[in-house]
Structure formats: structure tokens, C-alpha cells
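> I'd like to ask some things about the structure below.
The values are calculated or read from the model by the stated rules, or taken from the named source; none is laboratory data. Everything numeric here is computed off the predicted structure, so don't read it as measured data. Neighbour counts run over all protein chains shown; Cβ positions are idealised from the backbone, glycine included. Protein only, heavy atoms only, side chains kept; ligands, DNA and RNA dropped before computing areas. Shrake-Rupley method; radii C 1.70, N 1.55, O 1.52, S 1.80 Å.
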Amino acid sequence: MATDAFAQSINSDNSLAWRLLDFFSNHFNVSANGQVMTVIAATLEREAIAGNLFNRFEDMLLAVSKHPAMLIYLNNERSFRTAGIPIITKSCA
């Protein structure tokens, strides 16, 4: 957590939300290697984690697993055919 974010989390009236956001952001982190990931890695926290912070964990998990940053990080953006059927490789069979 950055120094200014840390100070904000301590001084906030909503410090529980800041602590949860920090926890889940660390749990579902992606590396910002490469030009594309540098741009979209930060959006994972804002779009998938913060938006589901007080919803069901299942909702957050689905949002994170479908977010473009996570798909690219895990190389899963190309692992599904257009019909949504997983590609089964020899290593998975």
C-alpha cells in the first residue's frame, strides 16, 4: 500500500473498507509487465474488487476472474473458443 493510501486508510471513517480493499488487492494481484498490463493492471482493483467489496465473495471472484487484466495475466484470453467451450490440450487430458 502506498504511503498516502496508508495514511488515508488510517484516518478514514471507513478504515475497514480500506483494509479489505488492500487485502483483496494483494490476494488477487497481477503483475504489470508489458505495455498492456501496465495500463490495465490498476483497473482490476477499481473495477472488479472495489465494486464488489461488500457483495458476496462469489461475485467478486467472478468479476476478478473475468476481468481483462486477470485473463491476460493468466494467458486465458485465448484459452476459450468463440462458443465458450474450453480448449482441452494434451496436458489437461
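> Which condition number does Y73 fail, the rest of (1) open to solvent by less than 80 Å² (accessible area, probe 1.4 Å); (2) at pLDDT 85 or above; (3) not small (G, A, S) being met?
In the conditions (1) open to solvent by less than 80 Å² (accessible area, probe 1.4 Å); (2) at pLDDT 85 or above; (3) not small (G, A, S), Y73 misses (1) alone.
> Tell me, which residue of segment 11-37 that is within 12 Å of the chain's Cα centre (by Cα) and open to solvent by 100 Å² or more (accessible area, probe 1.4 Å) is farthest from V64 (Cα to Cα)?
Checking each candidate, the answer is F23.
> Would you be able to tell me the number of residues in segment 38-50 that are open to solvent by 90 Å² or more (accessible area, probe 1.4 Å), closer than 14 Å to L71 by Cβ and at pLDDT below 90?
Residues flagged as open to solvent by 90 Å² or more (accessible area, probe 1.4 Å), closer than 14 Å to L71 by Cβ and at pLDDT below 90 within segment 38-50 amount to 0.
> OK, next. Just give me the residues in segment 51-70 being open to solvent by less than 70 Å² (accessible area, probe 1.4 Å) and either outside any helix (DSSP H, G or I) or in contact (Cβ under 8 Å) with a residue 40 or more places away in the chain (or both), in sequence order.
Those that are open to solvent by less than 70 Å² (accessible area, probe 1.4 Å) and either outside any helix (DSSP H, G or I) or in contact (Cβ under 8 Å) with a residue 40 or more places away in the chain (or both): L53, H67, M70.
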